[in-house]
There are 2 protein chains.
Amino acid sequence: MRIDSLKPSSQKEYGLPLSKAELQDIRSLLTRKGRNRRREFLAEGVRLLEEALRHHYRPMALYFSAGHLNERAQKLVDAYRRARVEVREIPARQLEAIADTKTPQGVVGHFAVPEATLEELYRAETRRVLLCENIGDPGNLGTLIRSALAFDMHLVITMGASAELLSPKVIRSSAGAVFGIATVHATWNEVVKLNRTFGTVLVASDLSAHEPLERLRFVAKEKGVMLAVGSEAAGLSEQVLAGADLRMRIGHSRAVESLNAAVAGSMLMRELYQESQP
Amino acid sequence: MRIDSLKPSSQKEYGLPLSKAELQDIRSLLTRKGRNRRREFLAEGVRLLEEALRHHYRPMALYFSAGHLNERAQKLVDAYRRARVEVREIPARQLEAIADTKTPQGVVGHFAVPEATLEELYRAETRRVLLCENIGDPGNLGTLIRSALAFDMHLVITMGASAELLSPKVIRSSAGAVFGIATVHATWNEVVKLNRTFGTVLVASDLSAHEPLERLRFVAKEKGVMLAVGSEAAGLSEQVLAGADLRMRIGHSRAVESLNAAVAGSMLMRELYQESQP
């Protein structure tokens, strides 16, 4: 950052500045600690905020800086206004201060973390769930959430040392899919209890398994299916593997040890999706 | 980096130091400019260098620092010695200076960029090629190369504004698969000329296409197949779409606009792989 940019901008500024306290609170959301403490998060950029709008995922407020907006961004701001979201024009340098990327495109959404628990989210009609164990890479977790939405999954659960569900990198990698599908962090005990209650079939992705993936299509449809994918380094933990009703592998050549976790998980989901198509 | 670490390490150091000029040359490979000028690259860490060894992708030299090595790394160094690679023990602080990551695990390989052209790499018996157009994200490109090796592709071509094939991030995301499959950067004109010569079927991944992916299985096997995947932002360019013999889409719900490029490309490759299995 050039020293200049710390000084008040020389260009004329519009909008009511955020107060020092407001700015500090919002800026704290750029860190995981701050997000956890306030149970709020930010999402920025036209494309992500279009997705939030499309999925009716309402922010507490939308901040924008008029000087940054192109036509598409201006339309977005108008649409948020029409949706009765609190829309606030702020000075350019404040917008830059609450943005995570270098080119925030002039719009930042301020959201509350949805506080629903796994028990509340899982219902009798929930059929297809993705369980992510120790998916620590935010890019992989975001990509999995994007594929989960693309392949009609109903819920994404993270477990263990998975990346934070609503971190900026996960939101970006999901291409906004986090706004279109329910996500929740849970413990293995909660998952086990739930699967017992609903008779959910737990399917584990396991390199040493012998069942080829295509068998997924024959899994009984009356019950829900939960697909479990593990970390690239270690795969699924022993407890999840031991708790699985089915272990399946994605056939590939022996030239590689394994597939990327997001690729493997996406293939499992696609298989289930294809089975559900008429 | 703490100031301390710039001073000679207080721990006893073994190994013959690299000369100042050698160190400078090797360090220049940490930048794209340096790699392009010298046509050399580095790969570090036990796992990646195990993959290089397994695929007989010989480095010009292997540098290690004894103090950093665990048992697995020590075994690796011994294996490289047995393979008659020049193995050089260097002081810890020099190893850290030529490493790209904070925890280089004590081993860095120094490789020459393979200079084969597309024309040299493509042979009459080449059957399955992945064409990556404008895959700018190194994580996506690395993941695609990993899947290409997993699904028995014979060659990966990058085109346009794709990420640099042998950058540290691509090598890491590929989990070392770059050492197991031929990769080359080429122009569209070169690709077109080649496909004409060999009668290769060009298959484009295209959201607006109507052919479902499963049709790939019925593409004539006598000819080679080239699968083209484009950038997430823009998809494939008009010229590639216009040049395609087949355009196929991966069916998914309308809740997302598109899949991650590495996921989509991997699914295309898996489909082709399944078709080739007995």
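Where a number appears in this text, it was derived from the coordinates with a stated rule and is not lab data. A quick note: this is a predicted structure, and the numbers were derived from the prediction, not measured. Cβ placement follows ideal geometry from the backbone for every residue including glycine, while neighbour counts extend to all protein chains displayed.
Remarks
- Cleavage-rule hits, GluC sites (Glu not before Pro), the stretch B:90-160, DSSP coil, Cβ neighbours within 10 Å at most 10: B:115, B:125
- Over the Cα atoms of chain A, the radius of gyration divided by the Kirkwood radius equals 1.04; this is the Rg/Rh ratio.
- Local electrostatic count, residue A:230, Cβ distance below 12 Å [Lys/Arg +1, Asp/Glu -1]: -3
- Counting Cβ atoms of other protein chains within 10 Å of each residue's Cβ and taking the mean over peptide A:143-153 gives 5.
- Positive minus negative residues near residue A:170 (Lys, Arg vs Asp, Glu; Cβ under 14 Å): 0
- Long-range amide H partners of residue A:225 with built H, under 5 Å: A:128, A:129, A:201
- The trypsin sites (Lys or Arg not before Pro) of the stretch A:57-93 that DSSP puts in a loop, and whose beta carbon has at most 11 other beta carbons within 10 Å, are A:84.
- Using the Cβ-Cβ distance between residue B:60 and residue A:74 with R0 set to 56 Å, the FRET efficiency from 1/(1 + (r/R0)^6) comes to roughly 0.50.
- Sparse-neighbourhood loop sites, GluC sites (Glu not before Pro) in the stretch B:197-265 - DSSP loop, at most 10 other Cβ within 10 angstrom: B:222
- Nearest-first distances (nm) between copies at residue B:222, label 7 Å from Cα via Cβ: 5.1
- Ranked from largest, the principal axis spans of the Cα set of the stretch B:1-158 equal 57, 33, 24 Å.
- Within 10 Å of the Cβ of each residue in B:124-133, the mean number of Cβ atoms contributed by other protein chains is 0.
- The protein assembly as shown: C-alpha gyration tensor shape, a/c 1.5 cut-off, then a/b vs b/c: rounded
- Counting every alpha-carbon pair across the stretch A:118-276, the share separated by more than 29 Å comes to 8%.
- Long pairs among A:169/B:169; A:102/A:169; B:75/B:169, criterion Cα-Cα beyond 19 Å: B:75/B:169
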